[in-house]
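Working notes, beginning with the structure itself.
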Amino acid sequence: MRLSYTIYRLQCTHPFGISRSSHDYYDRVFIYLEQDGFIGRGEVAPSERYNESIPQILERLKNKIILPKNVTNVDEVIEIFDRYTDGIKSFRSACVNALFDWWTQKNNISLHEYFNYYGKIKNSTSFTIAIGDFDELAQKVKEAKKYKILKVKLGIDKDKDIISTIRKFTDKPIRVDANEGWDINTAIEMSRWLAEQNVELIEQPLPANDLDKMVELKKNSSLPLIADENCHTSSDIENLVNKFDGINLKLAKCGGVDEASIMIKTAKKYNLKIMFGCMVESSIGITALAQFASQADYLDLDGNLLIDNDPYNGLQIVNGVPVLPKGNGLGLSLIIDYQNKFPDLK
Ligand SMILES: [Mg+2]
């Protein structure tokens, strides 16, 4: 098996702002694994919040990786990736997802079938309105016309103004993500106010370090609370019971589709709702998690919809609902125009 990679710059349609930062573009590393005529693909979407970065990933990739010449079982390769990626979750995710994409193509099966997740995807995905220019809100709501649910980034001092402005243009359900931007009193007050604005839930109201305060907030919140920065892997889940109503599962946080599958089972065991989230990613990353989307209560799989140069065809949105591509593995295909323009893409 051969590993190769390339860096690709995703251009945001609008500057993407959250309570912590704003970006016009994101650099990503695409990982390719090849053997027997099949290409497995994975995407590294490093998280600044967890001190991951593209230079750090590239530095690691300089270390030569020795993969078996002829891979015949995935477990031995996962062990190699566990050592090679050294705890960098977004990096592990890309390597492991590429491996399962390759393995399932080779075995003539889709990734979700391999993990035994069947069933149709029923839930609509939300579409994110990030923090940015107030004057652009009308335009952003217009651009979100195709999507049935909005996700709005809050956690700054103009939160009510943002929601009130959006409410002038649409009455669609809204999900709010405070990205750790509130204290407990603000969160209680905002939950009551937001509940009257057809807001469905609140994601990560308090800083992750304030997890203990979530018991009190959950008792007093008028809306369901979803853990994002407080939930990385399956081992975090038990401790979130009585503090949150659900978890936001992201591949870049948990380290790949194998761990994502364990998180789904663990969250269900503890009766927590499951949201699928993402980074700003191309269709490689988005389609990987979407393979399990029939299992999620809430979908926020819009990372590839926030960019205007996605080089792959993968997950499509039909009437607001994600539809998986047909085909084995992830079902991805490289768009020919991008192949011509960026010869390192595979
Ligand atoms: Mg979030």
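Using θ = phi - 60° in the Karplus curve 6.51 cos²θ - 1.76 cosθ + 1.60, the 3J(HN,Hα) couplings for region 113-118 round to 5, 4, 8, 6, 10, 10 Hz; x is entered for Gly and Pro. Among the trypsin sites (Lys or Arg not before Pro) within region 51-96, those in coil by DSSP and having at most 11 neighbouring Cβ atoms inside 10 Å are Lys64, Lys69.
Reported to the nearest whole Å, the Cα centre-to-centre distance from region 137-164 to region 82-116 is 34. When you filter the GluC sites (Glu not before Pro) in region 144-251 for DSSP loop state and at most 13 other Cβ atoms inside 10 Å of their Cβ, you are left with Glu196.
Taking a straight Cα-Cα cut-off under 24 Å and skipping sequence neighbours fewer than 8 places away in the same chain, the lysines within cross-link reach of Lys69 are Lys106, Lys346.
Assigning unit charges at the beta carbon (Lys, Arg +1; Asp, Glu -1) and nothing else, what dipole magnitude in debye, to the nearest 20, does region 232-346 show about its Cα centre?
Rounded to the nearest 20 debye, it is 320 debye.
Scalar couplings 3J(HN,Hα) for region 284-300, obtained by applying the Karplus form with A = 6.51, B = -1.76, C = 1.60 to θ = phi - 60°, are 4, x, 5, 5, 4, 5, 4, 4, 9, 5, 5, 8, 9, 7, 9, 10, 10 Hz; x denotes Gly and Pro.
Computed with a 1.4 Å probe over protein heavy atoms only, the accessible area of Met1 comes to about 30 Å². Under 5 Å between amide hydrogens, built in the peptide plane, is the criterion, and for Thr128 it picks out Lys151 among residues at least 5 positions away or on other chains. Annotation: amide H of His23 within the under-5 Å range of Phe16, Gly17, sequence separation 5 or more or interchain, hydrogens built in the peptide plane. For the options Ile202, Ile163, Ile31, a Gaussian network treatment of the chain with springs between C-alpha atoms closer than 10 Å singles out Ile163 as fluctuating the most.
Solvent-accessible area of Thr170, all protein chains in place: 20 Å² (probe radius 1.4 Å, heavy atoms, ligands and nucleic acids excluded).
Distance between the modelled labels on Asn63 and Asp183, one decimal in nanometres: 4.3 nm (7 Å Cα→Cβ projection).
The residue among Ile156, Gln139, Val318 whose Cα reaches farthest toward the positive pole of the charge dipole of the chain, with charges on the beta-carbon of Lys, Arg, Asp and Glu, is Val318. Loop-located chymotrypsin sites (Phe, Trp or Tyr not before Pro) in region 1-96 (DSSP state not H, G, I, E or B) with no more than 12 neighbouring Cβ atoms inside 10 Å do not occur. The residues of the chain have, on average, 43 Å² of accessible surface per residue, using a 1.4 Å probe with all protein chains present. Beta bridges assigned by DSSP with both partners in region 114-334 are antiparallel in approximately 20 percent of cases. Which listed residue (Ile188, Leu211, Gly246) has the Cα farthest towards the positive end of the charge dipole for region 128-281, taking +1 on Lys and Arg C-beta and -1 on Asp and Glu C-beta about the Cα centre? It is Gly246, whose Cα lies furthest towards the positive end.
Do any of Lys64/Lys250; Lys160/Lys213; Lys89/Lys269; Lys120/Lys326 go past 18 Å between their Cα atoms, and which?
The answer is Lys64/Lys250; Lys160/Lys213; Lys89/Lys269.
Think of region 114-334 as a dipole: +1 on every Lys or Arg Cβ, -1 on every Asp or Glu Cβ, centred on the Cα centre; then among Thr128, Asn116, Asn309, Asn116 lies furthest on the positive end.
Positive contributions from Lys and Arg (+1) and negative ones from Asp and Glu (-1), summed over other residues with Cβ under 9 Å from the Cβ of Ile226, come out at -2.
Within the shell defined by Cβ-Cβ distances under 14 Å, the residues around Ile54 carry a net charge of -2, with Lys and Arg each +1 and Asp and Glu each -1. For Gly329, nonlocal amide neighbours, meaning residues 5 or more places apart or on other chains whose placed amide H falls under 5 Å from its own, are Gln105, Ile109, Ser110, Leu111.
Couplings 3J(HN,Hα) for region 317-330, derived from phi with the Karplus relation 6.51 cos²θ - 1.76 cosθ + 1.60 (θ = phi - 60°), are 10, 10, 6, x, 9, x, 10, 6, x, 6, x, 7, x, 7 Hz, where x marks Gly and Pro. About its Cα centre, the dipole of region 114-334 is roughly 960 debye, where the only charges are +1 on Lys and Arg Cβ and -1 on Asp and Glu Cβ.
A Cα-only calculation for the chain places Rg and Dmax at 19.6, 60 Å.
The values are calculated or read from the model by the stated rules, or taken from the named source; none is laboratory data. Just so it is clear, the structure is predicted and the values come from calculations on it, not from any experiment. Counting neighbours? That spans all protein chains shown, and the Cβs are built from the backbone with ideal geometry, glycine included. Calculation scope for accessible area: heavy atoms of the full protein, side chains included, ligands and nucleic acids excluded. Shrake-Rupley method; radii C 1.70, N 1.55, O 1.52, S 1.80 Å.
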